[in-house]
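These notes concern the structure reproduced below.
The values are calculated or read from the model by the stated rules, or taken from the named source; none is laboratory data. Small disclaimer: the values here were computed from a predicted structure and weren't measured. Heads up, the Cβs are rebuilt from the backbone with ideal geometry, glycines too, and the neighbour counts pull from every protein chain shown. Note: areas computed on protein heavy atoms with side chains; ligands, DNA, RNA excluded. Shrake-Rupley method; radii C 1.70, N 1.55, O 1.52, S 1.80 Å.
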Amino acid sequence: MISSDIIPNNVDLHLNKRLQRALEHWQPQYIQWWKDMGPQGFQNYHQVYVRTAVSVDPSGWAHFEYVKLPEYRWGIFLADPIANRTIGFGDFHGQPVWQEVPGEFRNQLRRLVVTQGDTEPASVEQQRWLGHRCPSIYDLRNLFQVNVEEGRHLWAMVYLLHSYFGRDGRDEAEELLARQSGNRDKPRILDAFNQPIETWLDFFMFTMFTDRDGKSQLLSLSESSLDPLSRTTRFMLTEEAHHMFVGETGVARVIERTCQLMKEAGFSEDIRKVGGIDLPTIQKHINLWFSLSLDLHGNEISTNAASYFANGLKGRAEEAKWTDHKVVEDIYTLQTVEDGAVTTTQVPMRNAMNEVLRDWYVDDCQAGVNRWNKIFERYGMSDRILLPDRKFNRNIGQFAGHHFDPAGRMLSKEEWARRKHEWLPVDADTKFLLAISAAPIYETGKFANYIAPPQRGIKGKPVNFEYIRTEA
Ligand code: BYC
C-alpha cells in the first residue's frame with residue numbers, strides 16, 4: 001500500500017497535498033540530521049542488509065535488502081484500524097475513539113507525542129560512534145537496524161505532529177531535530193537519553209532495559225483514545241521487539257562467553273586478563289541501565305499520570321487484562337520515604353499509574369534476567385544476575401535524593417559515596433571495555449573475544465553472512 005514515491009506510507013498521503021508538502025519539506029532536514037548525527041563513518045560506502053517496513057501486514061510487513069544508510073526508505077505506517085473501536089479506560093470509557101485531537105487535551109497529547117518522539121533521535125545520537133568498536137559485522141548490522149528504525153519512529157511521531165497539531169506541531173517537529181543528546185544548552189527531554197553510549201555493553205543494556213521502557217510506554221500509548229496515536233504505536237511495537245532481542249541476546253552472548261572463559265581459565269582467574277568481561281562489571285551495567293530506565297517511568301505519585309488516565313490519553317500496559325477500567329475508587333499501596341525512613345503510603349490508583357506501568361516493566365525485565373540466569377545453570381555455575389531494588393540509584397520520584405544499596409537498604413550519604421563504585425560502573429570499567437573493543441571486527445563471521453557468536457543469523461541467513469558490504 002505504498003502510495004507516495006517520496007515518503008512510503010499507508011495513510012494515503014497523496015490525498016492530503018498540504019500534509020504531503022509539509023512532510024516533504026521536513027524530510028531533507030531529517031536526512032541532514034541523520035547524516036550529521038546518525039552513525040558516523042558508515043554513511044557513504046557501506047551497504048547494510050536491513051529490513052524496511054513496507055506495510056503493516058502481519059504475514060510480511062518488511063523486506064530485507066542492502067541499502068546505504070542515508071538511502072533507507074523511512075516511511076509512515078499505522079496499524080490497521082479496529083472497526084468500531086471504543087475508549088478502553090478512564091472517564092470516557094466505552095465512547096467511540098477520537099480521530100481528531102479534542103481541543104481540551106491538545107496540550108497534554110502534544111506533550112506525550114513530543115516526549116515519545118524526542119527519545120527516538122536521541123538514541124541514534126547516543127549510539128553514533130559505536131560502529132567503530134563493533135564486535136562483529138552481525139552486531140554492526142543490528143546496531144544500524146535499530147538506528148534506522150528509531151529514525152522511523154521519529155517519523156511516526158512527526159506524522160502525528162504535522163497531521164493533528166497544526167502550526168505548533170510543525171514547530172515541535174523542527175525542535176525534535178534541534179535538541180541533541182547530551183547538549184548542555186538543548187538537551188533531550190528525558191535524562192537517560194543524555195547519557196553517552198560508548199561501549200557495546202552499554203548498548204546491549206540500553207536495548208534490553210531502555211528499549212523495554214519504550215515497550216511499556218508504547219503499550220500504554222497504544223491504548224490511547226486518540227486512534228491515530230494508538231495505531232501508530234501499535235505498529236512501532238512490532239519493530240521494537242527486535243531492538244529488545246538485540247539487547248537481551250547481546251548480554252546473553254557476553255555472559256555465555258564469560259562463562260566459557262571462566263571455565264577455560266579456571267574460576268579463580270581474573271577473567272579480564274583473558275579478555276572477558278567479568279560478572280561484576282556486567283552486574284554494574286545492569287544496575288545502571290535498569291535504574292535509569294526505572295526513572296523513565298516518571299514519579300510514583302503523579303497528577304500528570306492521573307490526568308492522562310482519566311482523559312483516556314495513556315492507559316496501562318495490556319489494559320484489556322484489567323477488570324476495572326475506570327479506576328475511580330481503587331487504592332494503590334506504594335513505598336515512599338518519610339522522615340528519612342522508608343514507609344508505605346496509599347494513594348488513589350489513578351495517581352499511581354506511573355508505578356503501575358513500572359510494575360509491568362519490572363516483571364518484564366525480571367523474565368529476561370531469568371533467561372540470562374539459565375546460562376549459568378547450563379555451565380553448572382552458582383553465579384546469578386540480580387535486578388537491583390527499584391529504590392536503588394533513582395533520580396526521579398520518591399527515592400531521588402535518598403540512597404539505597406541494590407538490596408534496597410537505605411544508606412547514609414557518606415556510605416553511598418564510599419560504596420557506590422561497588423554497584424555502578426566507574427571510569428576504570430569503561431576504560432577496560434573501551435580497551436577490549438579498540439579494534440573493531442569487520443571480518444565476516446568473526447567475533448570479538450568477549451562475546452559468543454549468536455545461535456543463528458538474521459532472516460535465515462548464516463551467522464557468517466556478509467551483513468555489510470563495503471564499496472571499494
Ligand atoms: N527525566 O508527573 P511526572 C522509548 C519530569 S522510551 C526528566 O512523573 P509524567 C525509546 C516530567 O516531565 C519511552 N524529566 O511526569 C527507548 C515532569 O515535568 P514538569 C519514551 C522527567 O509526565 C529506547 C515532572 O518530571 N516515551 O521509546 O507523569 C530507544 C513531573 O513528573 C523524567 C515516553 O516517555 C525523566 N526520566 O511522567 C528509543 C512516553 N520523568 O511537568 C526510544 C511519553 C519525569 O514538571 N511520556 N520527568 O515540567 C510520558 O508518558 C511521561 O512524560 C513520562 C513522565 C512517563 C516520561
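For the chain, a simple Cβ point-charge model (Lys and Arg +1, Asp and Glu -1, everything else neutral) yields a dipole of about 760 debye relative to the Cα centre.
When the convex hull of its Cα atoms is viewed from all sides, region 42-174 shows a mean projected area of 10.3 nm².
Spin-label pair Leu19-Thr343: with each label point 7 Å from Cα along the Cα-Cβ axis, the two points sit 5.2 nm from one another. With all protein chains in place and ligands, DNA and RNA left out, the 1.4 Å accessible area ranks Thr303, Thr345 as Thr303, Thr345, largest first. In the full protein context, region 339-453 carries 51 Å² of accessible surface per residue, based on a 1.4 Å probe and ignoring ligands, DNA and RNA. Scalar couplings 3J(HN,Hα) for region 364-369, obtained by applying the Karplus form with A = 6.51, B = -1.76, C = 1.60 to θ = phi - 60°, are 5, 5, 4, 4, x, 5 Hz; x denotes Gly and Pro. Given +1 at the Cβ of Lys and Arg, -1 at the Cβ of Asp and Glu and no other charges, the dipole of region 382-472 around its Cα centre is 320 debye to the nearest 20.
Rolling a 1.4 Å probe across all protein chains gives Val56 an accessible area of roughly 20 Å².
Per-residue accessible area (protein heavy atoms, 1.4 Å probe) orders Phe245, Phe392 as Phe245, Phe392, starting from the largest. With θ taken as phi - 60° and the Karplus curve 6.51 cos²θ - 1.76 cosθ + 1.60 applied, the whole-hertz 3J(HN,Hα) list for region 236-244 is 4, 4, 4, 6, 4, 4, 5, 5, 6 Hz, x standing for glycine and proline. What number comes out for the charge environment of Lys326, summing +1 per Lys or Arg and -1 per Asp or Glu over other residues with Cβ under 11 Å away? Around Lys326, the surrounding residues sum to -3.
Given their separation in residues at 0.36 nm each and the Cα-Cα distance between them, Asn304 and Asp80 gain 77.7 nm when the chain is fully extended.
Under the shape rule built on the C-alpha gyration tensor, where the axes satisfy a ≥ b ≥ c, the chain is oblate, since a/c reaches at least 1.5 while a/b does not exceed b/c. The string of couplings for region 257-270 from the Karplus curve (6.51, -1.76, 1.60, θ = phi - 60°) is 5, 4, 4, 4, 5, 5, 5, 5, 7, x, 5, 8, 6, 6 Hz, one whole number per residue in order, with x for Gly and Pro.
Within the same chain, lysines fewer than 8 places from Lys431 are excluded, and of the rest, those with a Cα less than 24 Å from its Cα are Lys273, Lys284, Lys420, Lys446. Using the Cα centre of the chain as origin and beta-carbon charges of +1 (Lys, Arg) and -1 (Asp, Glu), tell me which of Pro425, Ile6, Ser382 is placed farthest towards the positive end of the dipole. About the Cα centre, the residue reaching furthest to the positive side is Ile6.
Once a ≥ b ≥ c are taken as the square roots of the eigenvalues of the Cα gyration tensor of region 307-380, is the result rounded (a/c under 1.5), prolate (a/b larger than b/c) or oblate (a/b not larger than b/c)? Oblate, since a/c reaches 1.5 and b/c is not below a/b. Remark on Arg188: its backbone amide H falls under 5 Å from those of Gln180, Ser181, Gly182, Asn183, a criterion applied only to residues 5 or more positions apart or on other chains, H modelled at 1.01 Å from N.
Pairs from the list Lys215/Lys263; Lys374/Lys459; Lys35/Lys186 with a Cα-Cα gap above 31 Å: Lys215/Lys263.
Just add up the charged neighbours of Glu415: K/R +1, D/E -1, any other residue whose Cβ is under 15 Å from the Cβ of Glu415. Its environment carries a net charge of +3. Please give the FRET efficiency for Asp91 paired with Ile189, using the beta carbon to beta carbon distance and R0 = 25 Å, rounded to the nearest 0.05. That pair, Asp91 with Ile189, gives E of 0.35. Amide H to amide H, with H built 1.01 Å from N, Gly75 comes under 5 Å of no residue 5 or more places away or on another chain.
The magnitude of the dipole of region 27-164, with charges of +1 and -1 set on the Cβ of Lys/Arg and Asp/Glu and taken from the Cα centre, is near 260 debye. For region 65-108, the solvent-accessible area with a 1.4 angstrom probe is 53 square angstrom per residue. Tally up the carbon and sulfur contribution to the accessible surface of the chain as a whole percent, 1.4 Å probe, everything protein left in place. Whole-percent figure for carbon plus sulfur exposure: 48.
Each residue was assigned an accessible area with a 1.4 Å probe, and for His402 the value is about 60 Å².
Taking all protein chains together and rolling a 1.4 Å probe, His403 ends up with roughly 40 Å² accessible.
A cut-off of 5 Å between modelled amide H atoms, ignoring neighbours fewer than 5 places along the same chain, links Leu411 with His403, Phe404, Asp405. For Lys461, the aspartates and glutamates whose Cα comes closer than 16 Å to its Cα, not counting residues fewer than 8 places off in the same chain, are Glu65, Asp139. Please work out whether region 330-472 counts as rounded, prolate or oblate from its C-alpha gyration tensor, where a ≥ b ≥ c are the square roots of the eigenvalues and a/c under 1.5 means rounded, while otherwise a/b larger than b/c means prolate and anything else oblate? Prolate.
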